[in-house]
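Heads up: the structure comes next, in structure tokens.
The values are calculated or read from the model by the stated rules, or taken from the named source; none is laboratory data. This is a predicted model, so every value here is computed, not measured. Quick reminder, even Gly has a Cβ in these numbers, built from the backbone with ideal geometry, and neighbours come from all protein chains shown.
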Amino acid sequence: MTGVFGAAYGEIFTAAVLVAIVASAIRLAVPLLLAALGETFGQRSGVLNLGVDGMMLLGAFAGYYAVLKTGNVWVGLVAAGVIGLMLGLASAVIAVTLKAEQGISGIGIYLFGLGMSDLLFQKLVGTPIPIDTFPKVNVPLLSDIPYIGDMFFQHSLVVYMAFAAIPVSMFVINHTTFGMNIRAVGEYPEAADTLGVSVARVRYATQLIGGTLAGLAGGALAISLGIFQQNLTNGAGFIAIALVYFGAWRPTGIMLGALLFGFINALVLELKTLEVIPRDLSNLAAMAPAIITILALVFVARRFRAPAALTKPFTRGK
């Protein structure tokens, strides 16, 4: 038995397998990264959206169905973003205008997305039909570097765009007037209102951004897989919310968390493929990424303070 496991582990720790795991981890991190970045904008302005997973699911179906009908993956991605934008608007109306309890309303959006995506799939498609996936784009020169090129520079354009969104988000949040208003509204909405900043307008904007990115995350997931099925995200939206806390509401921290989750997920999948993990433990092993993310959240996120006005509705004059 020891010899069998030793041989199996020997297969894992080869350069080719490790390169494949890292490349897979980067791809698996993309939906989490997009959704978590969108949620960061919302939470930095004081709005917690627990409906991210539902937005991802409807975005995933919209993207899948658009590609199925048009054959164009970019039309599918745009469709996913539009659906996310609409759901972000709905979230803003509920949380900002109606001032509903954000936790409960977010769960409502999640359940709506879960049920509606499955209903639309059953009525419009019925059985899973494969679609085209994003084409791979090799970065000139860099993709030819041994190992490094295979890991980092042979991905689809969506992967590059997702990671490019990190510095863009950092710049917007930290170096623009809009970003300053987001931070002010999330920390001291009364003071921001006194200075002439529209709290409602800023929170609406962040919910639209968050919804669009959640829809794009779902669309990217479905199109990358080339298929859609019930509950395709498998709770990825909730992991994305946890990653916002893990990353302390900072894009770079969120990126590290998404990559950690992606790496663990890719490693578990590789172990199952090589049959290193016994079949009776495969379901338990599949839970490892979520368990490790939660543990990391407990030990890391508690060191940082959430935005002071998070989940707190704002009413002028109070």
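So the values come out like this:
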{"quantity": "Count - residues of the stretch 182-230 that are surrounded by fewer than 24 Cβ atoms within 10 Å (Cβ to Cβ), touching a residue at least 24 places away in the same chain (Cβ under 8 Å) and assigned to a loop (DSSP other than H, G, I, E, B)", "calculated": "5"}
{"quantity": "Number of the condition not met by Val268 [criteria: (1) under 18 Å from Ala309 (Cβ atoms); (2) in a helix (DSSP H, G or I)]", "calculated": "(1)"}
{"quantity": "Matching option when the condition is of a type in the set (Val, Ile, Thr), touching a residue at least 40 places away in the same chain (Cβ under 8 Å) and either surrounded by fewer than 14 Cβ atoms within 10 Å (Cβ to Cβ) or part of a helix (DSSP H, G or I) (or both), among Ile94, Ile129", "calculated": "Ile129"}
{"quantity": "Residues (surrounded by 13 or more Cβ atoms within 10 Å (Cβ to Cβ) and assigned to a helix (DSSP H, G or I)) located in the stretch 97-110", "calculated": "Gln102, Ser105, Gly106, Ile107, Gly108, Ile109, Tyr110"}
{"quantity": "Residues within the stretch 48-71 that are under 17 Å from Leu225 (Cα atoms), touching a Gly at 6+ places or on another chain (Cβ under 6 Å) and hydrophobic (A, V, I, L, M, F, W, C), tallied", "calculated": "6"}
{"quantity": "Leading residue by the ranking (nearest to Pro307 (Cα to Cα)) among those in the stretch 15-46 that are surrounded by fewer than 21 Cβ atoms within 10 Å (Cβ to Cβ) and either hydroxyl-bearing (Ser, Thr, Tyr) or without any contact (Cβ under 8 Å) to a residue 24 or more places away in the chain (or both)", "calculated": "Ser24"}
{"quantity": "Pick from the stretch 133-169, criterion over 26 Å from Arg250 (Cβ atoms) and in contact with an Asp or Glu (Cβ under 9 Å, 6 or more places away or on another chain), ranking: modelled with the lowest pLDDT", "calculated": "Ser143"}
{"quantity": "Residue match in the stretch 74-86 (condition: over 27 Å from Thr206 (Cα atoms), part of a helix (DSSP H, G or I) and among the aromatic types (Phe, Trp, Tyr))", "calculated": "no"}
{"quantity": "Residue match in the stretch 51-70 (condition: surrounded by fewer than 23 Cβ atoms within 10 Å (Cβ to Cβ), outside any helix (DSSP H, G or I) and not acidic (Asp, Glu))", "calculated": "no"}
